[in-house]
1. Within region 58-71, track down each residue that is in a loop (DSSP other than H, G, I, E, B) and within 17 Å of Thr113 (Cβ to Cβ).
2. Which ones in region 47-57 are aliphatic (A, V, I, L, M) and either on the phi > 0 side of the Ramachandran plot or assigned to a strand (DSSP E or B) (or both)?
3. For region 92-144, what are the residues that are in contact (Cβ under 8 Å) with a residue 24 or more places away in the chain and on the phi > 0 side of the Ramachandran plot?
4. Quick one: in region 64-76, which of the residues that are surrounded by 16 or more Cβ atoms within 10 Å (Cβ to Cβ) and under 21 Å from the mean Cα position of the chain (by Cα) is nearest to Cys128 (Cα to Cα)?
5. Has region 13-24 got at least one residue that is at pLDDT 80 or above and farther than 15 Å from Val140 by Cβ?
6. Could you run through region 27-76 and say how many residues are of a type in the set (Gly, Ala, Ser), in contact with a helix residue (DSSP H, G or I) (Cβ under 6 Å, 6 or more places away or on another chain) and at pLDDT below 70?
Amino acid sequence: MPKPSPNQPAPRRPTLLFAALALAAVLLAGALFLRPYLQSAGRADADSVLRVSMGGWQPNVIYAKAGQSVTVSVVNLDNSLHSDGGGWHNFVLEGQGVAERVPPKQTSTFSFTLDRPGEYLFYCDICCGGKDNPFMRGKVIVEA
């Protein structure tokens, strides 16, 4: 094995330090960006408060009993400066005739009753790709 020449420069520690700091900054930025998406999971019971933003629903599952009224308060966390939908959101309960609009930075409270057990899709179809965006949809699970 050849011996390193005394004329060769030593490894650059500042370059390695800079690379490590840059990697840490990228990972932190990625975590902050993904945080709303990762928080959108969760569950709530009937008579729930749901928060909605461009990052999705929090929680995204509601549990209810068949034949009992469900009261939902949807809190819109976005403001009117959002270019996609002007900050408006809505709660559409597919196939059930429920479609409630919620203005930016406001809350809308409404009730509905589902008579049959099963899973029912809800979503926002004003912005962010609508029900095709997995973060902009959730489900109501109705138990007997």
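The values are calculated or read from the model by the stated rules, or taken from the named source; none is laboratory data. For clarity, every value in this text was computed on a predicted model and none was experimentally measured. Neighbour counts are summed over all protein chains in view; Cβ atoms, including those assigned to glycine, are modelled from backbone coordinates with ideal geometry.
1. Taking region 58-71 as the starting set, the residues that turn out to be in a loop (DSSP other than H, G, I, E, B) are 59-60, 66-68.
Those that are in a loop (DSSP other than H, G, I, E, B) and within 17 Å of Thr113 (Cβ to Cβ): Ala66, Gly67, Gln68.
2. Quick first cut of region 47-57, residues aliphatic (A, V, I, L, M) only: 49-50, 52, 54.
Within region 47-57, Val49, Leu50, Val52 meet the criteria.
3. Hits for region 92-144 are Gly95, Lys105, Gly118, Cys128.
4. So, considering only residues that are surrounded by 16 or more Cβ atoms within 10 Å (Cβ to Cβ) and under 21 Å from the mean Cα position of the chain (by Cα), the one nearest to Cys128 (Cα to Cα) is Asn76.
5. We begin by selecting, within region 13-24, every residue at pLDDT 80 or above; these are none.
No, there is no match, as no residue in region 13-24 is at pLDDT 80 or above and farther than 15 Å from Val140 by Cβ.
6. In the first step, residues of region 27-76 are kept if they are of a type in the set (Gly, Ala, Ser); the result is 29-31, 40-42, 44, 46, 48, 53, 55-56, 64, 66-67, 69, 73.
Right, trim to in contact with a helix residue (DSSP H, G or I) (Cβ under 6 Å, 6 or more places away or on another chain) and you get 40, 55-56.
Those still in the list that are at pLDDT below 70 too: 40.
Of the residues in that region, 1 qualify.
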